[in-house]
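All remarks here apply to the structure that follows.
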Amino acid sequence: MKRKGILSLIISAALFISAFTFPVSAANNSVPYKDSITVEKIDFQNPGFIRGMDVSSVISLENAGVTFKNEAGETEDIFKILSDNGVNYIRVRVWNDPYDADGYGYGGGNSDLDKAKTIGSRAAAYGMKLLVDFHYSDFWADPSKQKAPKAWENMTVSQKQTAMYNYTFNSLNEIKAAGADIGMVQIGNETTSGIAGVTDFNDIYKLFKSGSQAVRAFDSSVLVAIHFTDPENTSTMKWYSDYLNQKQVDYDVFASSYYPYWHGSLENLTNVFNYVADTYGKYTMVAETSYAYTLDDTDGHGNTVSAWNNNTGDNLLWDFTPQGQADEVRAVMNAVNNVNNAKGLGVFYWEGAWITVGDITGKSGSAWTNQYNANKLLWEQYGCGWASSYAADFDPDDAGQYYGGSAVDNQAFFDANGVALPSLHVFKNVCTGSVNMTVLLGDSDGDGNVTISDVTEIQRLLAETVVFDDSQLLSSDVDLDCEITINDATEIQRFLAEYGTDYPINSNY
Ligand code: CA
């Protein structure tokens, strides 16, 4: 987050600079970003720590007419907005064939290979790598569902191994050819109870191996991830890593989902990851997390987290506000960064852009019904809800009954109009730290006035005879370049001597 545009002003304070130049330590004098949210810096063990986001539904939303805006309300490519805010990796799910016999999409973004190619290439255009999350199904694969793709339904395990290898290898080559920068591949999604219709652990590992071999053949530098859920079941999670080792599955990253309303404490998550990292030397990662910035719904389809659902619990430590949402992300990143020996690879936020296609906020009666019906038409036509009625073809008992819109529009980083929330800054601010406070610019000693003693205070900081707190650092950075240097003292002197200054010294900032 750039600071208020003042950075572009030309510094013309040569008058005093020459008299005071001496080296300063940037580390001791760097100023945290002033922001509308507060994020404590994380000292990452891993310099390339993944600050990722899954936006698999975004193409279907755009097709339905949704636009995304930066915080100033200007429409921009969402991948630019994410990159500008510090997101450095994009995750995308891939379903083999999420369409019925007549070509109608099942919904959930109709997340087929073509959408992954589009998302991957657009992410690469803004310097972001891609995690390809193969579900090896035609629709949602999670702990309760691991149904084989329609085309694989009657295959033996051995035939599925071949199909998985070929599908993985060919799909990755297509995604790469479209311009994506593939950095990691998931062999299955939340494969806690099976994969591609195979639920016997005497067979499951064979499919992990086939997928992994395909990734290695595609590009040996690409990371292979295996993804489980329910880290609160500590012994089960450890068992999975033992199992992968016993069966000699070739993988790099042991990934888990972490939803704080279900998945235990962050201390436990770190401990589970430490076991895998210490015992097997694997990287660990949170492949999915999210948190609500509000308990309100904006599309008429009930949300996973609401005023009557998943909104209380020992591990919901944060407010349902943009600040609380940022706090959750920061806390999960910190828990992964705490894994021993820099084996915490990163965190992906799940579906951080799955917003409404039409805002029901403030509507009631027929106005609400009309908006809801308009939304339903879009969900059906573009597949931009969690499931369409056509999904009954593949998933009659769940999607076929309860199809509809987004259950996570209140966990996005964009409001109902598509405008970026300040919580999105967390992806950058974890690297720098930020403070949410107002100070009197130039009042370095905090006595409420800008005087010559503030100049002295900055000189003492530069001589390393005092240490500043965040408030002092912020008030002393009068030239707003995020670092305290002699130029800040000079500018205050200019102000006091009434020589004129380009900066808003002696005003609230
Ligand atoms: Ca909703």
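Numbers below:
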{"quantity": "Cα long-axis angle, helix 157-177 against the chain (0 to 90 degrees, to the nearest 10)", "calculated": "40 degrees"}
{"quantity": "By accessible area with a 1.4 Å probe, ligands and nucleic acids excluded, highest first: order of 441, 223", "calculated": "223, 441"}
{"quantity": "Of every Cα-Cα pair in the chain, the percent that sits beyond 46 Å", "calculated": "20 percent"}
{"quantity": "Kirkwood Rh in Å, taken over region 352-429 so that all alpha-carbon pairs contribute", "calculated": "13.8 Å"}
{"quantity": "Full-extension gain in nm, residue 221 to residue 319, via 0.36 nm per residue minus C-alpha separation", "calculated": "31.3 nm"}
{"quantity": "Longest exposed-site-free window of the chain, the sites being trypsin sites (Lys or Arg not before Pro) in a DSSP loop that have at most 14 other C-beta atoms within 10 Å", "calculated": "248-509"}
{"quantity": "Region 311-368 versus region 115-140: alpha-carbon centroid distance in Å", "calculated": "21 Å"}
{"quantity": "Accessible area (Å², 1.4 Å probe, nearest 10) - residue 162", "calculated": "80 Å²"}
{"quantity": "Alpha-carbon centroid distance for the pair region 261-308 / region 427-478, whole angstrom", "calculated": "36 Å"}
{"quantity": "Length released on extending from residue 401 to residue 341, taking residue separation times 0.36 nm less the Cα-Cα span", "calculated": "16.9 nm"}
{"quantity": "Candidate residues 301, 425: accessible-area rank, largest first, probe 1.4 Å", "calculated": "301, 425"}
{"quantity": "Gain upon complete extension [residue 203, residue 381; 0.36 nm per residue less C-alpha separation]", "calculated": "60.3 nm"}
{"quantity": "For the chain, calculated [θ]222 nm from helices alone, where every DSSP H run of n ≥ 4 adds -39500 (n - 2.57)", "calculated": "-10500 deg cm²/dmol"}
{"quantity": "Global form of region 338-395, assessed from the alpha-carbon gyration tensor, a/c cut-off 1.5", "calculated": "oblate"}
{"quantity": "At R0 = 45 Å, FRET efficiency that the Cβ-Cβ distance of residue 367 and residue 77 yields, to 0.05", "calculated": "0.90"}
{"quantity": "Distance histogram for region 140-255 (every C-alpha pair counted, 5 angstrom bins, percent rounded to whole numbers)", "calculated": "2, 12, 22, 25, 20, 12, 6, 1, 0"}
{"quantity": "Rough spin-label spacing in nm, given labels placed 7 Å along Cα→Cβ, for residue 40 and residue 267", "calculated": "1.5 nm"}
{"quantity": "Positive-end residue of 98, 459, 438, charge dipole of the chain with Cβ unit charges", "calculated": "98"}
{"quantity": "Solvent exposure ordering (accessible area, 1.4 Å, most first) of 40, 174, 491", "calculated": "40, 174, 491"}
{"quantity": "Rounded FRET efficiency, nearest 0.05, which uses the C-beta distance separating residue 114 from residue 238 and R0 of 35 Å", "calculated": "0.35"}
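The values are calculated or read from the model by the stated rules, or taken from the named source; none is laboratory data. Computed from a predicted model, the values in this text were never measured in an experiment. In this analysis, Cβ positions are derived from the backbone assuming ideal geometry, glycine residues included, and neighbour counts consider all displayed protein chains. Side chains are part of the model used for accessible areas, which takes the heavy atoms of the whole protein and leaves out ligands, DNA and RNA. Shrake-Rupley method; radii C 1.70, N 1.55, O 1.52, S 1.80 Å.
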